[in-house]
Amino acid sequence: MQRKAILCIIGILLLFLIGLAGVSEKKKIEEWEPAEEKEEPHQPVVEIFTNVYLTDLTNTYLSFFDGEEKTYPLAENKVLKDTALGLEGSLVDITVTDGAITGADIRGSEKVSGKVLGVESGKGVELEGFGFLPFSEDVRFFMLYGGLRLGTEQDIRIGYQFADFVLEDGRICGVLLTADETMEYIRVLIKTSDYAGNYHEAAALSCDVDYVLLYERDGVVSEEAYRAGESITVTPESIYFAEGSTGRIQIIPSALTGKISLLSVTRSQGTPAYRGTLEISCVDGRLIIINELLLEEYLYAVVPSEMPSSYPIEALKAQAICARTYAYARMLRPGLPGLGAHVDDSTGYQVYNNILEQNSTTTAVRETTGQLLYASDGSLVDAYYYSTSCGFGSDEHVWKSESAPELPYLSACSISEAGMTGAALLYTAESMTEESVFASFLKEPPESDFEREEPWYRWSYEVKNLNTDRMLEMLQSRYTVNNRLVLTLQDGEYVSVPIEKLGSIKAITVLMRNAGGVADELLIESSTGTYKVISELNIRYVLCDGKTKVCRQDGSEVAMASLLPSAFFIITPVYEGENMKGYQLLGGGFGHGAGMSQNGARAMASSGYSAEEILGFFYRDSTVRRIGQ
């Protein structure tokens, strides 16, 4: 009985243990079962675009930024939709959430427009009637014509009212460039006598017809009238620039054909007289004078200043087209935007009004009215020109600017009847890069060269006593202008370092020539080091001693103050012992050699070639057509 009881208790314990094991196993199975997946909270994708131009596209908005166009719908938000209805054509900061616009804040509630008087790079715009308006840090330029796209400050047309300026807290946050119309007026900065500088101490003037002087003070435009022949003098201290004045006046003749004489400036013609209007402003206590006039009337005074009026009419017409093309390119991309001018009146651009207008050159301008020279890709030709060739021209590689573009229409070529007709040539542009070939060409030029009889076709230059102090001064000044183009040999490599001294000269040689034979690299070996001078312009400076005269092939002598006539030359050193005592140059041509040779054009016109044929030769694959066509 006792035994049965014990067995019964043991059985109960076993059943209990088995039950516990089952419960434990069930719990393990439950733990092994995967847990239910929980949904992660939605993370919205938010994009923020600042200073965006918006255009209404039915029920969506097109945002334009960073050169791209993107379309987003408005989020389902009545308040937003009601707000957005007035934003088309505005600059805004927008918020895009999950691909839909969820926020839009307008940038700059004020738009102003006026004639652009100047653009200071990276800083702001001077606008007639508003003064100087600075750029905001995130200013953007939107071109609204010819397809929506981004522009730059260079697309602002000086002298014109082709843009709206969006202001935010008095700063320009956006420029809406609304048109790119044909421009008729050019703004020319008038330099002081002898083209010495940009800033005048005073401006004395008169006019051959009645004229008025306009100026603004405290927002009120005032007018003073003067009779024909009556003279006035404007100084920085005069009433026109008193406190409260805008510091700018205009002199306007009563007749469109009237001319303003600038009595305080002298040119080769004597006292220059200007068509159009004069605008005088005060900058840092001195005067800036700008002549604004019709482009065609500007050319009346450029062509005779750049080419003798006695040249054949077809040569003058070619010059007029070149000058117009050059000027219009600078109207599109002003050379002096900070001063409010497209060009100045010196050789830095085109010489203007140095010589009186002439009937023949005015006729050439009128017979080519509106004609520009275009490259094969539709862009304006960079219509460079120079006086005289040596019988060959060069190409755009004569310039060493870091941003110099490739200009395939400026090809080196033989400027001869054979070159014009495509006949076989004894010399080629490529063979002229070899020293011996180029030397032979200079000494025994082809009979068919167009400019063979020109005085500058061949010239000589003999420096009997080499002035190392002068040469060092020129090396240092050119190094200051561009230190990449005056190098010193150190440890087997040419590096850019300042040149402190120049000992006795051991040798001077042309190290490399470009197409057509123009010297491109000059090697100077001295007791203090070896130096490489790069570019035809720098070479012309360094080898000019400032006192030796050039002897032209007709026997006439011409003083060269700072620059040799060209870099188309060969050099012969003259030694005294181990050191160079001097050197002799045999050269040809006058100018850089790229583009149209003016005396070449003269000879071609005399041979019966038309202006278009002349231009087609000097600017390969170019075409002449009117502005806007």
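The values are calculated or read from the model by the stated rules, or taken from the named source; none is laboratory data. As the structure is a prediction and not an experimental result, all values here were calculated from the model. Every residue, glycine as well, gets a Cβ built from its backbone with ideal geometry; the counts of neighbours run over all protein chains shown. These area figures cover heavy atoms from the full protein model, side chains too; ligands, DNA and RNA do not enter into them. Shrake-Rupley method; radii C 1.70, N 1.55, O 1.52, S 1.80 Å.
Within the range 184-206, can one find any residue that is farther than 29 Å from residue 272 by Cα and not in a strand (DSSP E or B)?
no
Can you tell me which residue in the range 336-392 is farthest from residue 198 (Cα to Cα), limited to those that are without any contact (Cβ under 8 Å) to a residue 60 or more places away in the chain and of a type in the set (A, V, I, L, M)?
Among those that are without any contact (Cβ under 8 Å) to a residue 60 or more places away in the chain and of a type in the set (A, V, I, L, M), it is 380.
Looking at 56, 82, 105, which one is farther than 30 Å from residue 339 by Cα, of a type in the set (D, E, K, R) and modelled with pLDDT of 75 or more?
Of the residues listed, the single one that is farther than 30 Å from residue 339 by Cα, of a type in the set (D, E, K, R) and modelled with pLDDT of 75 or more is 105.
So in the range 500-519, with the set limited to residues that are under 21 Å from residue 490 (Cα atoms) and part of a strand (DSSP E or B), which one is farthest from the chain's Cα centre (by Cα)?
Among those residues, the one meeting the criterion is 506.
Within the range 94-152, count every residue that is over 30 Å from residue 45 (Cβ atoms) and assigned to a strand (DSSP E or B).
18
How many of the residues in the range 450-465 are in a loop (DSSP other than H, G, I, E, B), open to solvent by less than 30 Å² (accessible area, probe 1.4 Å) and over 19 Å from residue 601 (Cβ atoms)?
1
Looking at the range 524-545 only, could you name the residues that are open to solvent by less than 50 Å² (accessible area, probe 1.4 Å) and under 31 Å from the mean Cα position of the chain (by Cα)?
531, 532, 533, 534, 535, 536, 538, 539, 540, 542, 543, 544
If I ask for residues that are assigned to a strand (DSSP E or B) and either free of Cβ contacts under 8 Å to residues at least 24 places away in the same chain or under 27 Å from the mean Cα position of the chain (by Cα) (or both), which ones from the range 583-606 would you list?
Across the range 583-606, the qualifying residues are 590, 596, 597.
Here are the criteria: (1) of a type outside the set (Asp, Glu); (2) at pLDDT 95 or above; (3) open to solvent by 20 Å² or more (accessible area, probe 1.4 Å); (4) out of contact with any strand residue (DSSP E or B) (no Cβ under 6 Å at 6 or more places or on another chain). Tell me which single one residue 562 does not satisfy.
Of the numbered conditions (1) of a type outside the set (Asp, Glu); (2) at pLDDT 95 or above; (3) open to solvent by 20 Å² or more (accessible area, probe 1.4 Å); (4) out of contact with any strand residue (DSSP E or B) (no Cβ under 6 Å at 6 or more places or on another chain), the odd one out for residue 562 is (2).
Tally up the residues in the range 138-180 that are hydroxyl-bearing (Ser, Thr, Tyr), surrounded by 15 or more Cβ atoms within 10 Å (Cβ to Cβ) and in contact with a Leu (Cβ under 8 Å, 6 or more places away or on another chain), please.
Total satisfying the criteria: 1.
Please enumerate the residues belonging to the range 469-498 that are buried (at least 18 other Cβ atoms within 10 Å of the Cβ) and of a type outside the set (Lys, Arg).
Scanning the range 469-498 gives 471, 472, 474, 475, 479, 485, 486, 487, 488.
Do any residues in the range 119-137 that are on the phi > 0 side of the Ramachandran plot have Cβ atoms under 9 Å from those of residues that are exposed (fewer than 12 other Cβ atoms within 10 Å of the Cβ) and not aliphatic (A, V, I, L, M), where the two are at least six apart or on different chains, and which pairs are they?
129/219
Looking at the range 426-449, which of the residues that are of a type in the set (A, V, I, L, M, F, W, C) and open to solvent by 30 Å² or more (accessible area, probe 1.4 Å) is nearest to residue 606 (Cα to Cα)?
So, considering only residues that are of a type in the set (A, V, I, L, M, F, W, C) and open to solvent by 30 Å² or more (accessible area, probe 1.4 Å), the one nearest to residue 606 (Cα to Cα) is 426.
When you go through (1) open to solvent by less than 70 Å² (accessible area, probe 1.4 Å); (2) in contact (Cβ under 8 Å) with a residue 40 or more places away in the chain; (3) over 17 Å from residue 391 (Cβ atoms) one by one for residue 616, which number turns out not to apply?
(2)
Given the condition buried (at least 17 other Cβ atoms within 10 Å of the Cβ), not small (Gly, Ala, Ser) and not in a loop (DSSP other than H, G, I, E, B), answer yes or no: does some residue in the range 573-582 qualify?
yes
What single numbered condition from (1) open to solvent by 50 Å² or more (accessible area, probe 1.4 Å); (2) at positive phi; (3) modelled with pLDDT of 95 or more fails to hold for residue 276?
Going through (1) open to solvent by 50 Å² or more (accessible area, probe 1.4 Å); (2) at positive phi; (3) modelled with pLDDT of 95 or more one by one, residue 276 breaks only (1).
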